[in-house]
Amino acid sequence: MKSVMDAEINTMKTNRTDRPTTDDESGSSPDERDNTADADGAAVEVQPLSSSGAHAALLIQRQTRRLGKLQPDVLADHDPEPLHQLRVSLRRLRTVLQQFAPALVLPDTISDRRIAKVARHTGLTRDLDVLQQRLHGSLMPLLPAAEQKALRPVLKRLKRERRQAFEGLEEALRSGPYLKLLARLHHWQAQPRFTPLGEQPLRSWLLEWQAAASASLFLHGGWFATDPHEPALHELRKRLKALRYTLEPLEELVGPSLSRWIALLRQAQDHLGELHDLQVLSEGLFDPQRPGQPEISLPGLEAEIAKEQAQQWRNWRELADTLHGAAARQELQATLLDASRQSAA
């Protein structure tokens, strides 16, 4: 199994298409590519005898600090990257709070709902950033001059929508509820409180801490999709992201076998994210039901989008066959079980 998964990882660079260089991984979709955040936002030094609660508190501290550091640059709005990284940190913070909730004693004022409200604003603004970057950076240079000219009103519309979305984001980031949430998280970190479960060694509970994210994942209908436009693929992408984010905090304890799985999950998200981006772009440009949609003919652009969709679909199906196979499913379970057993040895 190791040789098969290593081979998949070695083909990632050759399978990856070019994307705008302002995002992580030298490119990004609105939803998931966040590899540059990993260096500062995912991996943390795990003490061999860390309790589950202490480890969760360290992860919360890491993301809370990053949110504060990123906010001035996001509000300045000179570069799209800080917004992307802030969105990633909000996701990671939500994941930690959900994943380790049974280990933590948190005040009621620290709620996922408040984080989600800000995250929605970052998502809308980020989506429009990526759509503009894709058009400008990778698609328009391939089009004939007539189609490039026809797209100018579309680009103006996207720019206007992005400006409106950012106004909502700015209001959310300056809002009292969000700032109070960050303050309460900092206050809790000064004297973190854990449940009896949170006092237990982290290694002893590796299986349980990832169970919610992996439960029924491989039964999801998206694995059996036969069309790149099926809605189930979008839901599967969210599930893969959730598993990746719950496995990453455990990576240092488990070792290379889990690192391979995280790399494959990231690649799966990449392919599904590309498919989603292209579908959103296509619907935004060619959906006649969209309010204010101009009646323009863009056969060259349609052809380029279709070509990219076909390539990403082939990439996804090849990787899905590996991830969804019996050997891979059993390997993930065995990896976590073996790591948990080491603590009892």
task: Would you list the P(r) distribution for segment 147-188, with all Cα-Cα distances sorted into 5 Å bins from 0 and each bin expressed as a whole %?
output: 5, 20, 14, 13, 11, 9, 9, 7, 6, 4, 2, 0
task: Please state, as a whole number in µm²/s, the translational diffusion coefficient that the Stokes-Einstein equation yields for segment 165-255 at 4 °C and 1.567 mPa s, with Rh defined as the Kirkwood radius across alpha carbon pairs.
output: 76
- line: Applied in sequence order to segment 313-325, the curve 6.51 cos²θ - 1.76 cosθ + 1.60 (Karplus, θ = phi - 60°) yields integer Hz couplings, x standing for Gly and Pro, of 5, 4, 4, 5, 4, 5, 5, 4, 4, 6, 5, 8, x
- request: Using only the Cα atoms, work out Rg/Rh for segment 154-214, with Rh taken as the Kirkwood radius, to two decimals.
  value: 1.28
- request: Find the Rg to Rh ratio for segment 84-124, where Rh is the Kirkwood radius over alpha-carbon pairs and Rg uses the same atoms.
  value: 1.00
message: In whole Hz and in residue order, list the ³J(HN,Hα) couplings for segment 133-141 that follow from phi through the Karplus curve 6.51 cos²θ - 1.76 cosθ + 1.60, θ = phi - 60°; x for Gly and Pro.
response: 5, 5, 5, 5, x, 10, 9, 4, x
- prompt: Stokes-Einstein D for segment 101-184 at 20 °C, 1.002 mPa s, Kirkwood Rh over Cα pairs, in µm²/s?
  reply: 140
Restraint check, K69/K241; K117/K238; K69/K156; K156/K238, Cα-Cα greater than 28 Å: K69/K156; K156/K238
task: List every residue whose amide H lies under 5 Å from the amide H of F194, counting only residues 5 or more places away in sequence or on a different chain, with H placed 1.01 Å from N in the peptide plane.
output: V105
query: Taking H as built 1.01 Å from N, whose amide H comes closer than 5 Å to the amide H of Q200, not counting residues under 5 places away?
result: S52, G53
query: So for segment 208-315, what percent of the C-alpha to C-alpha distances run longer than 23 Å?
result: 41
message: List the residues, sorted by chain then number, that are 5 or more residues from E230 or on another chain and whose placed amide H is less than 5 Å from its amide H.
response: none
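Every number in this text was worked out from the coordinates using simple rules, so none of it is lab data. Quantities reported herein were computed from a predicted structural model and do not represent experimental measurements.
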